Every structure is written in structure tokens, then in C-alpha cells.
1. What does the net charge come to around D66 if you take all other residues with beta carbon closer than 12 Å to its beta carbon, with K and R at +1 and D and E at -1?
2. What are the GluC sites (Glu not before Pro) within segment 1-31 that DSSP puts in a loop, where the Cβ has at most 14 other Cβ atoms within 10 Å?
3. Which of rounded, prolate or oblate describes segment 10-50 when judged by the alpha-carbon gyration tensor and an a/c cut-off of 1.5?
4. Per residue of segment 36-50, what does 6.51 cos²θ - 1.76 cosθ + 1.60 with θ = phi - 60° give for ³J(HN,Hα)? Whole Hz please, x for Gly and Pro, Karplus curve as stated.
5. Near K108, which lysines are there with a Cα under 25 Å away, not counting those fewer than 8 places off in the same chain?
6. First select every other residue whose beta carbon is under 10 angstrom from the beta carbon of N28; then total the charges, Lys and Arg +1, Asp and Glu -1.
Amino acid sequence: MEKFVSIRFKESTAEKFKVFSKCTAKTNSLALAQMLLFFEKSGLSPYEDCSDSMKQLERTVVKRIDGLIAILKNIEKMQTKPTQAMLLALLDGTPNETEQVQQEKVAKYREKIFLNPKASTNE
């Protein structure tokens with residue numbers, strides 16, 4: 001078991017720390033250890049202004065989110081919408097525009113053949 005050591009704080013600081021400690025950890029030692037670990041891991045200093053690093057972090061997150069949005073829009077445009085249109089055409093039995101155009105060309109060609117059989121032999 002570790003040995004306890006006393007540290008002297010001003011009374012107002014000690015009261016604030018006790019209130020903070022009760023909210024965040026089981027013991028005062030554990031609360032202080034967590035605070036020190038946080039500052040060590042994050043590389044922050046209580047004397048430095050955090051607004052610059054937070055702004056940089058925010059910009060990075062916004063750029064990544066914008067990139068994800070662009071990827072999702074591309075997937076929707078290139079994969080989802082064409083696939084959905086094909087499935088709807090298959091399930092509904094309604095031909096899409098290109099099939100309609102092809103069917104019209106075939107119908108015109110057939111009319112041409114049946115109405116004027118000599119034209120088909122000359123072509």
C-alpha cells in the first residue's frame with residue numbers, strides 16, 4: 001500500500017477540489033491522479049490557451065465530415081439511384097427511357113417493313 005503524503009493548499013482551493021473530487025472519483029487521490037493523467041495524455045497545460053488547439057481540432061473534424069458527405073453523395077449518385085431505378089423498372093414492369101426509345105425504333109422499323117416490304121429488301 002502506498003504511503004500518504006500531505007500537501008498544503010489554500011482553504012478555498014481545497015474546498016473546490018473536495019467538491020470536484022466527490023463528483024468525479026471515489027477518493028481525492030484518485031481524482032488528482034485522473035487529472036494528472038488527463039494533462040499528460042492530452043499534452044495540454046493549464047497555463048496555455050486551449051482555444052487554438054480546439055479550433056484546429058474542429059476544422060479537422062469538419063473537413064473529415066465534409067469528405068464523408070461527398071463520399072455518401074457519390075455512392076448515392078453512382079450506385080443507389082441507378083440500382084433503385086433498375087429494381088423499380090423490373091418490379092413495376094415499366095420500361096425506362098432507353099428501353100422505350102429502343103422499342104419505338106423497333107416498332108417504326110417493323111411498320112416500315114410491313115407497310116413497304118420492298119424497302120426492307122433494298123436496305
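1. +4
2. E2
3. Details: a/c = 2.75, a/b = 1.44, b/c = 1.91.
Cα axes put segment 10-50 in the oblate bin.
4. Along segment 36-50, the couplings run 5, 4, 4, 5, 5, 5, 7, x, 8, 10, x, 8, 8, 7, 8 Hz.
5. Result set, ordered by chain and number: K118.
6. Spelling it out: positives minus negatives among the neighbours equals +3.
Computed from the coordinates by the stated procedures, all read-outs in this text should not be read as laboratory data. Everything quoted here is computed from the prediction, not taken from an experiment. Using ideal geometry, Cβ is built from the backbone for each residue, glycine included, and neighbour counts are taken over all protein chains shown.
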